[in-house]
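> Okay, handing you the structure first.
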Amino acid sequence: MTAGETSRATNDFTLVRTAAGRLAFVGPTGEAHHGVVPVRAFPISSPDESISLVTSDGHELAWIDRLADVPDDIRSLIEEELAARDFVPEIRRIRAVSSFATPSTWTVDTDRGETTFVLRGEDDIRRMSHAMLLIADSNGVQYLIRDQKALDRASRRLLDRFL
């Protein structure tokens, strides 16, 4: 480890933020792996559980059952990496849709602000659970509706036209 790097240890491994801003993993034998990436097994349904630390070529180095069980400093490093990597805006309100036929342009409020996207087809709306939906736009960006029943009435009416 060099100056400028921060280290956080658990019982099985050490996780380091390098001076280049990437994560490095040091296992119990002292072998270091640079460019480690945390990957969620269930990013939508259980974002804080079942997280794997993998090398850049996909080799798993460690498995974390529950992020809450990891020391705060390690959890913070992992959450920072996941936040930078995962981009799934959550739709809070559907302001308008250009047409009830597809493709259509949707104007929505998300947890990251207002945006507009094009829905290519109704097949791009996937039901993840009874109330949770995942919408893919024409550029491949995924938008989450965590609970369609929690949307306001006007948003639910617009959404129902596509379900």
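> Given the conditions (1) more than 28 Å from residue 38 (Cα to Cα); (2) in a loop (DSSP other than H, G, I, E, B); (3) touching a strand residue (DSSP E or B) at 6+ places or on another chain (Cβ under 8 Å), report the number of the one that residue 106 does not fulfil.
Answer for residue 106: the failing condition is (2).
> While we're looking at this one, here's another question. State which residue is farthest from residue 101 (Cα to Cα) when the search covers only the stretch 135-163 and only residues that are free of Cβ contacts under 8 Å to residues at least 40 places away in the same chain and among the small types (Gly, Ala, Ser).
Out of the qualifying residues, it is 150.
> Return the pair list, or none, for Cβ contacts closer than 6 Å from residues in the stretch 122-134 that are hydrophobic (A, V, I, L, M, F, W, C) to residues that are in a loop (DSSP other than H, G, I, E, B), at least 6 apart or on different chains.
125/162; 128/44; 131/147; 132/146; 134/128
> Output the residues belonging to the stretch 22-47 that are buried (at least 16 other Cβ atoms within 10 Å of the Cβ) and charged (D, E, K, R).
Within the stretch 22-47, 40 is the sole residue that qualifies.
> For the stretch 90-104, indicate whether the set of residues that are more than 22 Å from residue 160 (Cβ to Cβ) and loosely packed, with under 12 Cβ neighbours inside 10 Å is non-empty.
For the stretch 90-104, residues more than 22 Å from residue 160 (Cβ to Cβ) and loosely packed, with under 12 Cβ neighbours inside 10 Å: absent.
> Taking the criterion of being in contact with a Phe, Trp or Tyr (Cβ under 9 Å, 6 or more places away or on another chain), of a type in the set (Lys, Arg) and modelled with pLDDT under 95, would at least one residue in the stretch 75-85 satisfy it?
No, the stretch 75-85 contains no residue that is in contact with a Phe, Trp or Tyr (Cβ under 9 Å, 6 or more places away or on another chain), of a type in the set (Lys, Arg) and modelled with pLDDT under 95.
> Return the residues of the stretch 126-137 that are open to solvent by 20 Å² or more (accessible area, probe 1.4 Å) and not in a loop (DSSP other than H, G, I, E, B); say none if nothing qualifies.
Answer for the stretch 126-137, where residues must be open to solvent by 20 Å² or more (accessible area, probe 1.4 Å) and not in a loop (DSSP other than H, G, I, E, B): 126, 127.
> Still on this structure, please answer the following. So which residues in the stretch 26-52 are touching a helix residue (DSSP H, G or I) at 6+ places or on another chain (Cβ under 8 Å) and more than 13 Å from residue 79 (Cβ to Cβ), if there are any at all?
Within the stretch 26-52, 37, 49 meet the criteria.
> Taking the condition of a type in the set (S, T, N, Q), surrounded by fewer than 12 Cβ atoms within 10 Å (Cβ to Cβ) and in contact with a strand residue (DSSP E or B) (Cβ under 6 Å, 6 or more places away or on another chain), does residue 52 pass?
no
> Residue 119: touching a strand residue (DSSP E or B) at 6+ places or on another chain (Cβ under 8 Å) and at pLDDT 95 or above, yes or no?
Yes, satisfied.
Residue-wise test of (1) surrounded by 14 or more Cβ atoms within 10 Å (Cβ to Cβ); (2) under 17 Å from the mean Cα position of the chain (by Cα).
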residue	(1), (2)
58	no, no
84	no, yes
109	yes, no
142	yes, yes
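> Conditions first: (1) over 30 Å from residue 161 (Cα atoms); (2) at pLDDT 90 or above. Residue 6 passes all but one, so which condition is the exception?
Among (1) over 30 Å from residue 161 (Cα atoms); (2) at pLDDT 90 or above, the lone unmet condition for residue 6 is (2).
The values are calculated or read from the model by the stated rules, or taken from the named source; none is laboratory data. In this text, all values refer to a predicted model and were calculated from it rather than measured experimentally. Heads up, the Cβs are rebuilt from the backbone with ideal geometry, glycines too, and the neighbour counts pull from every protein chain shown. SASA here: full protein model, heavy atoms, side chains in, ligands and nucleic acids out. Shrake-Rupley method; radii C 1.70, N 1.55, O 1.52, S 1.80 Å.
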